[in-house]
Amino acid sequence: MLTFSAQTRTANLTRMAEDRFDVLVIGGGITGAGIALDAAARGLSVALVEKDDFAAGTSGRSSRLVHGGLRYLEHGEFGLVRESLRERGILFRLAPHLVRPVPMYMLAGDLRRRAAYRAGLTGYEMLAAGRNIGYHKSVSAGKVAEAIPGLGGSSRGVRYFECQTDDARLTIEVARTAQAAGAVLANHARVTGLLGDGRVTGAAVTDEMTGHGFEVRARAVVNATGIWAERVADLASGSGAEGCLRLRPSKGVHLVFAPGAVRTTAAVVAPSAARDGRYIFIVPWEDRVYAGTTDTPYQGDLDDPEPGEADRDYILAAVAGLFPGVTGRDVVASWAGLRPLLGREGDGDAKSSDLSRKHAIVAGPFGLYTITGGKLTTYRAMAEDLVDRVAADLGGTGPCRTREIPLGLHGSAAAAVRLARDEVARLGLPPRTAVRLVQRYGDDWRQATHLIGEDLILGEPVAGGLPVLGVEVALARSREMALTEEDIYVRRTRLTTLGLTPSAGSRRE
């Protein structure tokens, strides 16, 4: 098992202060981690710093779906859909334990609507060019009722497939893989300034855990801070960017419902009750169900967006429209994230839901590259695009290798589960534990069972009625560089999503 702990971080910070790197990446979301992996895999020396925690921003607050963007077809963004479907297939192959198929049901009682859905899905699957997770089909009312037992009323529908993931865990696995490839990474390390005069040559960094400041020198600096990209770019002295970077943040809110409140075994694509042409995803997660998302312009605090009453009402109305009796009392948790959408000339008062999810790279001042926009599903392609450009400016490297680098699991997830079942049975644990450990740790399920074997208490849930095991908290520290209770509760174990809050908030330990 690759050690990725507080001790790893301390050693990495020392190296950052002493060495000079080819590339310094600012931002530890999925895009920054993907860039660090791509660049390190090509032989470049890479450092990455993140002001908070890996996936603390948008990358840990998404809809937790790896999808092609079916609705983008309405806007004619066929290239983006094709790219997203291609990347979905690549991620499913590289991380089958983290990126798993989920059936999606679109309800349609009348023939005309089913025909429209099927026509759209046929084009969607053609754009996947053989990388389909599964093909769509019409589903009888009886089959719909079996999959969605809590549905009010009877309806036929259309079933298709996307992939589900834990976005924060995917980000952590990409970051760990980057470290294994030779990159040095540190969370809770804030950039306070960019070095150089007219040319960016590195960054001033403060260790948020100790208050110690130091400088990191690099031939190229990548601003992969997503929603904060404009703020970081403004730290550079001088100008000279190739284009004007203008972000229009959009807030997306999700609600989590108590076990049994929303009875479904499959994801449901529900039209919003506002009749605004948008849809809400209602998705099973652990023993709960979450629903979202909203898509509204945002001008508040970038660090801590919160769900508002209007957001809750919007989602609740869509859920209650299909699942009678569901009320706000059934909501046990929620989260809000911000999309770094790109504004362009001519957008005017366009709704945020109509803005493109494409990414953009802006170079300038010399030595600084800013990348923003995009979506979780396409992070690998975004990283490849950025590193291609940086590598060319630095004198060239080998080709991108990230299409073939496994993200935490070598071989099939099913084979790993079969092996893990034998070991968890020997420890006296239920078979579902094997599935959980493989889905969370890939090849490192062996280390998880080894720790449980040394201390059987680690095989028990951290709290009654919750699926999270004690070993997950232990591995969050030794395997995943979790430094604070918030790191553990919010992102590594998702206990806050399950309705459990830290006893001492986000106290640093």
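Here's a check for you: in segment 357-374, which residue that is within 23 Å of the chain's Cα centre (by Cα) and more than 15 Å from Trp228 (Cα to Cα) is surrounded by the fewest Cβ atoms within 10 Å (Cβ to Cβ)?
Lys358
Of the residues Val102, Val25, only one is hydrophobic (A, V, I, L, M, F, W, C), assigned to a strand (DSSP E or B) and in contact with an Asp or Glu (Cβ under 8 Å, 6 or more places away or on another chain); which?
None of the other options fit; the residue is Val102.
Would it be correct to say that Ala115 is in a loop (DSSP other than H, G, I, E, B), of a type in the set (A, V, I, L, M, F, W, C) and open to solvent by 10 Å² or more (accessible area, probe 1.4 Å)?
no
Is it true that some residue in segment 242-252 is more than 22 Å from Val191 (Cβ to Cβ), modelled with pLDDT of 90 or more and of a type outside the set (S, T, N, Q)?
Yes - at least one qualifying residue is present in segment 242-252.
Can you find a residue that is among the charged types (D, E, K, R) and in contact with a helix residue (DSSP H, G or I) (Cβ under 7 Å, 6 or more places away or on another chain) anywhere in segment 176-197?
no
Give the residues of segment 1-21 that are modelled with pLDDT of 95 or more and in contact with a helix residue (DSSP H, G or I) (Cβ under 6 Å, 6 or more places away or on another chain), sorted by residue number.
Once the filter is applied, which keeps residues that are modelled with pLDDT of 95 or more and in contact with a helix residue (DSSP H, G or I) (Cβ under 6 Å, 6 or more places away or on another chain), segment 1-21 yields Phe4, Ser5.
Scan (1) open to solvent by less than 30 Å² (accessible area, probe 1.4 Å); (2) modelled with pLDDT under 95 for the single condition Val390 breaks and write down its number.
That leaves (2) as the condition not met.
Taking the criterion of being touching a residue at least 12 places away in the same chain (Cβ under 8 Å), touching a Leu at 6+ places or on another chain (Cβ under 8 Å), within 15 Å of Met104 (Cα to Cα) and among the aliphatic types (A, V, I, L, M), would at least one residue in segment 129-141 satisfy it?
no
Any residue at all in segment 156-164 that is among the basic types (Lys, Arg) and either buried (at least 18 other Cβ atoms within 10 Å of the Cβ) or modelled with pLDDT under 95 (or both)?
yes
Of everything in segment 473-484, what is within 19 Å of the chain's Cα centre (by Cα) and assigned to a helix (DSSP H, G or I)? Give them in sequence order.
Selection gives Ala476 alone.
Just the residues that are open to solvent by 10 Å² or more (accessible area, probe 1.4 Å), under 14 Å from Arg20 (Cα atoms), touching a residue at least 60 places away in the same chain (Cβ under 8 Å) and not in a loop (DSSP other than H, G, I, E, B), please, taken from segment 181-215.
Listed by number, the residues that qualify are Phe214, Glu215.
Considering only residues of segment 73-94 that are touching a Leu at 6+ places or on another chain (Cβ under 6 Å) and surrounded by 21 or more Cβ atoms within 10 Å (Cβ to Cβ), which is farthest from Gly411 (Cα to Cα)?
Per the criteria, the residue is Val81.
Looking only at helices (runs of 4 or more DSSP H) that fall completely inside segment 374-450, which ones have 1 or more residues that are under 18 Å from Arg479 (Cβ atoms)?
Per the criteria, 413-426, 432-441.
The values are calculated or read from the model by the stated rules, or taken from the named source; none is laboratory data. Bear in mind that the values here come from a model prediction, so they are computed numbers and not experimental data. Counting neighbours? That spans all protein chains shown, and the Cβs are built from the backbone with ideal geometry, glycine included. Surface areas here come from the heavy atoms of the whole protein model, side chains and all, with no ligands, DNA or RNA. Shrake-Rupley method; radii C 1.70, N 1.55, O 1.52, S 1.80 Å.
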